[in-house]
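Enquirer: Here's a structure for you.
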Amino acid sequence: MFDERRHIRFASIAGIDCKELPIAAEVWLESIGQSSWADRDILKLANACVKYMRAPLPFTVAFRAIEQVTGLDRGKVENNFRLMAVYGAVETYDCAGEALRASLHLTYLQRLRVLEIRRRFCELHPDDGPRALPWHQAEKNWLPQAVPVKAEDDELHEVGPINAAGVG
């Protein structure tokens, strides 16, 4: 169900279902990353917005959390949002309260890309139905684990002296 009280949301998602918001956020972030006006701080802030859209937990948009994650204080956040608004990535924003609030702008071309991606996924998985998209499923986060080294692997790496014929 769509929550009207979200802190960060798209101003218009005409033609896109709420289930497709994560992919729309990815498309929005990718277009900012490819733009010539975006610097490292803007990318950090845009990534924080996309992270919130994937999992809308209110504490992630509190200015303390944003400062810890991105290293940007309230003034830098406001300056970056001002620049994003000038270039059309953001429609409105509010940095006055304890938490960030923003209305992101999804262009017609970005919406078209989302629809194209949805169509392609439906073609790849025709048996799953028209709305069964792979990013809907919550997956357990994978954590890297140390791989134990086998004793026989150590023996393979031990090589004796090599003679003139190249045989050890």
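Enquirer: For the residue pair Leu57 and Ser12, what label-to-label distance in nm results when each label sits 7 Å from Cα along the Cα-to-beta-carbon direction?
Expert: Here the answer is 3.4 nm between the modelled labels.
Enquirer: His125 to Lys19: extension gain in nm, 0.36 nm per residue of separation minus the Cα-Cα distance?
Expert: Numbers: separation 106, 0.36 × 106 = 38.16 nm, distance 1.69 nm.
This chain segment gains 36.5 nm when fully extended.
Enquirer: Collect residues whose amide H, placed 1.01 Å from N in the peptide plane, falls under 5 Å from the amide H of Ser12; neighbours closer than 5 in sequence don't count.
Expert: Sorted by chain and number, the residues that satisfy this are Leu106.
Bear in mind that the values in this text are calculations on the coordinates, not laboratory data. The structure presented is a predicted model; accordingly, all values stated were derived computationally and were not measured. Here Cβ is always computed from backbone atoms with ideal geometry, including for glycine, and neighbour counts include all displayed protein chains.
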